[in-house]
Amino acid sequence: MLDLLEPMGELSYKPLFGGYAICKHDAAFALVFDGTVYFKTDTTNRKDYESYNSNPLTYRKQGKTISLSNLEVPAEVMEDQDRLLQWANTAYKIAKNVKKKNNKSKDK
């Protein structure tokens with residue numbers, strides 16, 4: 001996955017709950033679990049994923065299923081390098097904004 005996203009510049013990854021997170025400047029914009037890639041979404045890009053019936057990344061906690069804002073990247077997008085990079089860059093911008101908001105709330 002890092003090879004496919006190489007044009008984005010310097011990326012890092014870190015283990016995360018049995019999978020891993022892909023980060024740029026410490027903003028985790030992609031998660032990879034069981035060979036499936038999930039990008040960060042919000043109201044600006046969620047419809048793109050929903051048009052492919054993408055599933056959210058979920059986990060179980062205290063008997064409940066929790067859905068994250070990371071949605072599965074469709075196979076059609078994975079196979080189109082330009083679109084993959086476009087979607088990844090959007091996911092990065094969203095993750096960066098979330099990180100910025102979280103840092104501001106910690107400063108208060």
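Bear in mind that the values in this text are calculations on the coordinates, not laboratory data. Note that this is a predicted model, so its numbers are computed, not measured. Ideal geometry is used to build each Cβ from the backbone, glycine not excepted, and the neighbour counts take in all protein chains shown.
Each of Val77, Thr65, Ser12 was scored by the projection of its Cα onto the charge dipole of segment 6-96, and the greatest displacement toward the positive side belongs to Thr65; charges sit on the C-beta of Lys, Arg, Asp and Glu. Full extension of the chain segment joining Tyr52 with Ser67 gains 3.7 nm, where the gain is 0.36 nm per residue of separation less the Cα-Cα distance. Of Lys40/Lys99; Lys24/Lys99; Lys40/Lys93; Lys61/Lys93; Lys24/Lys100, which pairs sit farther than 18 Å apart, going by alpha carbon to alpha carbon? In this structure, Lys61/Lys93 lie more than 18 Å apart at Cα. Taking the Cα atoms of the chain, the ratio Rg/Rh between the radius of gyration and the Kirkwood radius comes to 0.96.
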